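What follows is a set of notes on a single structure, which appears directly below.
The values are calculated or read from the model by the stated rules, or taken from the named source; none is laboratory data. Nothing here was measured: the structure is a model prediction, and the numbers come from that model. Cβ sites come from the backbone with ideal geometry, for glycine too, and all protein chains shown count toward neighbours.
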2 protein chains.
Amino acid sequence: MQTLSTEDYLKAIYHVSQSSSGAVATTSIAKQIGAKPSSVTDMFKKLSDQNLVKYQKYQGVSLTNEGVKTALRIIRKHRLWESFLVSHLNFNWDEVHQVAEQLEHIQSEKLTNELERFLDYPTHDPHGDPIPNRALFMKTYNKILLTELPVNKEGVCVGVRDNSSGFLRYLDRRQIGIGTLLQVLHREDFDESLHIQAGKSTLMITKKTAENIYVKP
Amino acid sequence: MQTLSTEDYLKAIYHVSQSSSGAVATTSIAKQIGAKPSSVTDMFKKLSDQNLVKYQKYQGVSLTNEGVKTALRIIRKHRLWESFLVSHLNFNWDEVHQVAEQLEHIQSEKLTNELERFLDYPTHDPHGDPIPNRALFMKTYNKILLTELPVNKEGVCVGVRDNSSGFLRYLDRRQIGIGTLLQVLHREDFDESLHIQAGKSTLMITKKTAENIYVKP
DNA sequence: TTAAAAATTTAGTCATACCTAAATTTTTTT
DNA sequence: AAAAAAATTTAGGTATGACTAAATTTTTAA
């Protein structure tokens with residue numbers, strides 16, 4: 001049984017290790033968790049004692065099989081709760097994160113599995129991220145960044161890379177959400193901004209925006 | 001903002017103060033929380049510093065107005081979650097307590113209020129206990145113990161005093177639940193056991209059982 | 001009303017999970 | 001290949017919330 005804090009660390013290590021290769025560095029977790037590197041070192045030792053990570057001094061950590069499983073169980077709960085909040089409790093996709101961060105620590109297998117049934121076994125959360133099933137398996141589409149979508153080819157928005165409230169609200173205002181049909185009409189050479197068709201409206205977005213939107217061609 | 005632990009203490013103090021008069025003793029909270037009396041004394045001091053209780057050395061504590069409000073906010077969440085677990089997630093009334101003990105600490109006013117709306121503003125939880133509304137007001141019926149119901153008068157089961165799994169499962173097996181119509185057919189002078197009509201079946205229950213069932217005449 | 005019992009508090013520890021400051025190792029730059 | 005910079009760890013400290021054992025106060029009983 002983990003403490004709140006060890007769960008947070010495992011999740012953070014999982015996320016960082018997904019978006020980069022090799023061992024996970026102390027500093028990257030410090031940033032993610034919002035703690036000092038020295039505190040992270042302390043925790044790395046504890047996690048290593050519990051065989052949840054492999055830790056070599058000065059070389060960072062990587063999750064063990066048991067560590068990955070624990071992380072996925074938390075991510076499963078997080079994403080199921082986010083789905084519930086949006087589908088039944090009138091939360092917007094930019095509001096769910098903070099509450100799901102709390103709910104993901106609730107310990108009850110029955111609760112998690114019944115919630116999944118109640119939601120009718122969703123495969124993706126409101127941000128388009130895949131939800132691990134009971135066996136901790138998740139389907140990932142082969143999505144690409146909007147910057148990589150060829151001009152004039154259509155794609156469906158299936159997720160975002162930046163999950164911050166600010167970005168999500170910005171997309172809301174531009175009427176872009178999961179499922180929105182997107183098409184790059186023109187790529188500006190000068191500043192790499194894009195003219196796109198989003199649903200029924202045409203608009204201009206910056207390169208920075210485009211590289212935070214995932215599409216399925 | 002309270003810690004998990006202070007919330008548990010406030011709730012415990014509230015419950016004990018409801019079922020007895022005067023100040024709440026150190027030992028009674030120690031029993032309720034499952035901690036040693038010395039730990040309880042420590043916490044009484046902390047709660048007193050935060051003006052959540054009035055504390056006099058050797059004389060126990062009583063909740064301040066702010067302490068009562070905090071306790072009721074937690075109880076509100078606890079009972080709403082219990083209702084949700086039973087009504088939507090296939091939990092039995094004897095299974096909900098442990099999970100609700102965790103869920104009651106989730107901090108999000110929007111979550112609580114939306115959950116209440118989703119459940120259509122329930123007034124009582126699965127054990128018949130009243131749920132404080134947004135203004136922390138709760139309706140209590142004038143219920144009596146089954147031992148006090150006059151022979152041959154009918155009453156509806158509206159709650160239980162003992163919320164333990166064991167007792168609730170015992171009632172389940174006897175097909176007694178919230179809303180069951182009860183009638184005392186005969187009171188045995190010898191051991192104070194009761195012959196009762198419960199719904200459509202007749203059965204015998206002990207005094208101990210009867211004094212843990214609340215009825216509305 | 002005093003002695004015994006029970007309840008409560010104090011004093012001193014412990015584990016968790018954080019911190020700062022200093023030391024050490026690794027990486028990068030010159 | 002040194003020197004400088006960056007990353008990481010160690011050492012020592014803090015607050016929380018628990019504990020044990022001993023001291024104190026209150027309550028009960030003789």
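Looking only at region B:95-112, which residues are more than 8 Å from chain A (Cβ to nearest Cβ) and over 21 Å from the mean Cα position of the chain (by Cα)?
B:109
Where residues in region A:19-40 are aliphatic (A, V, I, L, M) and over 16 Å from the mean Cα position of the chain (by Cα), which of them is nearest to DNA strand D (Cβ to nearest atom)? Steps first, please.
The initial filter retains those residues of region A:19-40 that are aliphatic (A, V, I, L, M), namely A:23-25, A:29-30, A:33, A:35, A:40.
Next cut, over 16 Å from the mean Cα position of the chain (by Cα) only: A:23-25, A:30, A:35, A:40.
Numbers: A:23: 8, A:24: 8, A:25: 3, A:30: 7, A:35: 11, A:40: 7 Å.
My answer is A:25.
Determine which member of the set B:16, B:40, B:68 is near DNA strand C (Cβ under 8 Å from one of its atoms), in a helix (DSSP H, G or I), β-branched (Val, Ile, Thr) and under 24 Å from residue B:106 (Cα atoms).
On the way: B:16 fails: near DNA strand C (Cβ under 8 Å from one of its atoms); B:68 fails: near DNA strand C (Cβ under 8 Å from one of its atoms).
One residue alone meets the criteria, B:40.
On the basis of being surrounded by 13 or more Cβ atoms within 10 Å (Cβ to Cβ) and free of Cβ contacts under 8 Å to residues at least 40 places away in the same chain, does residue B:175 make the cut?
On the way: surrounded by 13 or more Cβ atoms within 10 Å (Cβ to Cβ): no; free of Cβ contacts under 8 Å to residues at least 40 places away in the same chain: yes.
No.
Which numbered condition trips up residue B:74, out of (1) closer than 24 Å to residue A:105 by Cβ; (2) buried (at least 17 other Cβ atoms within 10 Å of the Cβ); (3) out of contact with any Lys or Arg (no Cβ under 6 Å at 6 or more places or on another chain)?
(3)
Only residues that are among the aliphatic types (A, V, I, L, M) and touching a Leu at 6+ places or on another chain (Cβ under 6 Å): list them for region B:197-217, please.
B:198, B:205, B:210, B:213, B:215, listed by residue number.
From B:16, B:68, B:86, which residue is away from DNA strand D (no atom under 14 Å from the Cβ), farther than 24 Å from residue B:165 by Cβ and not charged (D, E, K, R)?
Numbers: B:16 fails: farther than 24 Å from residue B:165 by Cβ; B:86 fails: farther than 24 Å from residue B:165 by Cβ.
Among B:16, B:68, B:86, only B:68 is away from DNA strand D (no atom under 14 Å from the Cβ), farther than 24 Å from residue B:165 by Cβ and not charged (D, E, K, R).
Away from chain B (no Cβ under 14 Å), of a type outside the set (Ser, Thr, Tyr) and outside any loop (DSSP other than H, G, I, E, B): does that describe residue A:54?
So residue A:54 passes the test.
Is it the case, given these coordinates, that residue A:35 is over 28 Å from residue A:139 (Cβ atoms), within 12 Å of DNA strand C (Cβ to nearest atom) and in a helix (DSSP H, G or I)?
It is false that residue A:35 is over 28 Å from residue A:139 (Cβ atoms), within 12 Å of DNA strand C (Cβ to nearest atom) and in a helix (DSSP H, G or I).
Would you say residue A:92 is more than 13 Å from chain B (Cβ to nearest Cβ) and either assigned to a loop (DSSP other than H, G, I, E, B) or on the phi > 0 side of the Ramachandran plot (or both)?
no
Return yes when residue A:48 is among the hydroxyl-bearing types (Ser, Thr, Tyr), at pLDDT 95 or above and away from DNA strand D (no atom under 16 Å from the Cβ) and no when it is not.
When the stated conditions are applied, residue A:48 does not pass them.
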